[in-house]
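**Student:** Sharing a structure below in structure tokens format, with a few things to ask.
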Ligand code: KG4
Ligand code: ZN
């Protein structure tokens with residue numbers, strides 16, 4: 001069979017991204033991040049969809065050019081169909097459908113969280129099946145058994161906030177800009193995580209909760225700030241280190257439990273929070289201690305990107321799992 005050339009499009013939140021793949025090989029992965037949301041302390045859906053409209057043609061052009069690929073070379077277009085912000089999703093979905101009609105090629109609908117898991121298949125060595133994946137992003141926290149590229153089982157998830165939200169919301173309490181996750185990571189490197197301790201949830205099974213942790217940080221900071229207005233500024237690095245350490249411990253305790261319960265020792269992480277240096281180090285240390293083989297996507301494939309949509313699209317193409325033209329974008333979904 002000749003190689004399959006795919007164009008992939010991701011527009012579920014505030015990143016407009018396009019990638020070109022030759023089978024599993026990523027030829028290009030171009031992402032335009034929408035910095036406008038920083039001033040509002042979170043993603044403004046209306047602004048996000050307008051910027052996707054503005055950016056989608058240039059980003060697709062850039063991806064094709066970098067991959068030295070013409071539109072006529074494409075065999076299919078993969079796009080993020082769910083979950084995400086409706087207005088943002090619609091831009092990518094309709095762009096993909098329109099272009100597929102012009103080129104007379106099929107489209108492939110991809111579920112964003114499925115794609116985060118498969119971002120671990122982009123580079124060698126690839127995890128063998130079945131593998132476990134802890135997906136940690138701004139909107140989701142899940143533990144998944146990936147039995148094959150297209151057969152995934154959800155075995156644990158957050159009951160309230162996502163891990164990325166826990167980072168971003170506590171960062172906001174510390175006076176840091178949005179998105180706060182990368183800033184907490186940066187300041188944590190200079191801090192001592194043993195100085196402060198915060199509550200960890202007591203949730204049975206493999207599910208997560210971050211709301212109690214967030215409240216414990218809030219109450220602690222309110223109490224200390226009443227005594228000393230400079231408290232946060234003077235202790236920023238240690239506070240960040242302690243916040244990060246607690247979130248990473250909450251995640252790793254459940255991951256250890258998932259390995260024990262399933263017996264699966266090939267362990268991956270995915271999603272924006274997998275860029276976190278504390279989580280990456282903890283996975284490596286735990287893996288060495290417990291004889292796991294661990295996998296972490298390259299940095300550019302941790303946060304939202306079209307390459308992961310492309311690799312998922314490639315495996316769906318092999319199964320001829322093409323989308324109907326009347327398939328609508330969906331803000332919520334499970335695989
Ligand atoms: O997967 P992603 O790019 O978008 C969603 O699908 O949500 O994840 C974004 C999340 C944000 O909450 C951001 O703060 C977090 O990932 N994040 C980090 C780091 N880099 C991104 N959190 C902690 N440490 C980081 N280095
Ligand atoms: Zn994501």
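Just so it is clear, none of the values below were taken in a lab; they were calculated from the coordinates. This structure is a prediction, so every number in the text was calculated from the model and none was measured. Methodologically, a virtual Cβ is constructed for each residue, glycine included, from the backbone with ideal geometry; neighbour enumeration extends over all protein chains shown.
**Student:** Find how many whole Å separate the alpha carbon centroid of the stretch 108-152 from the alpha carbon centroid of the stretch 1-51.
**Tutor:** Cα centroid of the stretch 1-51 versus Cα centroid of the stretch 108-152: 18 Å apart.
**Student:** OK, next. Hey, for a label at residue 281 modelled as a point 7 Å past Cα toward Cβ, could you say which residues of the stretch 174-195 have their backbone N under 19 Å away?
**Tutor:** Counting only backbone N, you get 181-195.
**Student:** Round to the nearest 10 and give me the degree value, 0 to 90, for the angle of helix 86-103's Cα axis relative to the longest principal axis of the chain.
**Tutor:** Result, in degrees: 20.
**Student:** Sticking with this one: P(r) for the chain: what percent of alpha-carbon pairs falls in each 10 Å bin, starting at zero?
**Tutor:** 6, 26, 32, 23, 10, 2, 0, 0
**Student:** Right, something else. For the ranges 285-292, 81-88, what's the packing order if you count other beta-carbon atoms within 10 Å of each residue, average per peptide, and put the highest first?
**Tutor:** Packing proxy ranking, top to bottom: 81-88, 285-292.
**Student:** Using only alpha carbon pairs under 8 Å that are at least six residues apart, calculate the relative contact order of the stretch 84-203 and give it in whole percent.
**Tutor:** Details: 108 pairs, mean separation 14.7, N = 120.
Relative contact order here is 12 percent.
**Student:** While we're looking at this one, here's another question. Please compute the modelled spin-label separation between residue 71 and residue 4, points set 7 Å along Cα→Cβ, answer in nm with one decimal.
**Tutor:** In this crude label model, residue 4 to residue 71 measures out at 2.3 nm.
**Student:** Something else about it: Based on the mean of other beta carbon atoms within 10 Å per residue, what is the order of 119-132, 269-282, most packed first? Spell out each step's value before the answer.
**Tutor:** Values: 119-132: 17.4, 269-282: 23.1.
Ranked from most to least packed, the peptides come out as 269-282, 119-132.
**Student:** When only C-alpha pairs under 8 Å and at least 6 residues apart count, what is the relative contact order of the stretch 196-255, in percent?
**Tutor:** It rounds to 46 percent for the stretch 196-255.
**Student:** Taking 0.36 nm per residue of separation and subtracting the Cα-Cα distance, what length does fully extending residue 253 through residue 57 add?
**Tutor:** Here the answer is 66.2 nm.
**Student:** Right, next: As I understand it, the value is the acute angle between the Cα axis of helix 277-290 and the longest principal axis of the Cα atoms of the chain; what does it come to in degrees, rounded to 10?
**Tutor:** The answer is roughly 90 degrees.
**Student:** Still on this model: Work out the P(r) tail for the stretch 1-127: percent of alpha carbon pairs separated by more than 20 Å, whole number.
**Tutor:** Taking all Cα-Cα pairs of the stretch 1-127, the fraction more than 20 Å apart is 42 percent.
**Student:** Between the stretch 176-218 and the stretch 220-292, what is the separation of their alpha carbon centroids in Å?
**Tutor:** 7 Å
**Student:** How do 114, 94, 52 rank when sorted from fewest to most other Cβ atoms within 10 Å of their own Cβ?
**Tutor:** Starting with the residue having the fewest Cβ neighbours, the order is 94, 114, 52.
**Student:** Distance in nm between label sites at residue 124 and residue 298, each 7 Å beyond Cα in the beta-carbon direction?
**Tutor:** About 1.4 nm separates the two model spin labels.
**Student:** Specify the angular offset, from 0 to 90 degrees and rounded to the nearest 10, of the alpha carbon long axis of helix 211-227 from the longest principal axis of the alpha carbons in the chain.
**Tutor:** 40 degrees
**Student:** Simple spin-label model, 7 Å along Cα-to-Cβ: residue 204 to residue 155 in nm?
**Tutor:** Roughly 1.8 nm, to one decimal.
**Student:** Still on this structure, I have one more. Using 15 Å as the cut-off for backbone N distance, which residues of the stretch 184-211 belong to the label zone defined by a point 7 Å from the Cα of residue 232 along Cα→Cβ?
**Tutor:** Of the residues in the stretch 184-211, 184 have backbone N under 15 Å from the label point off residue 232.
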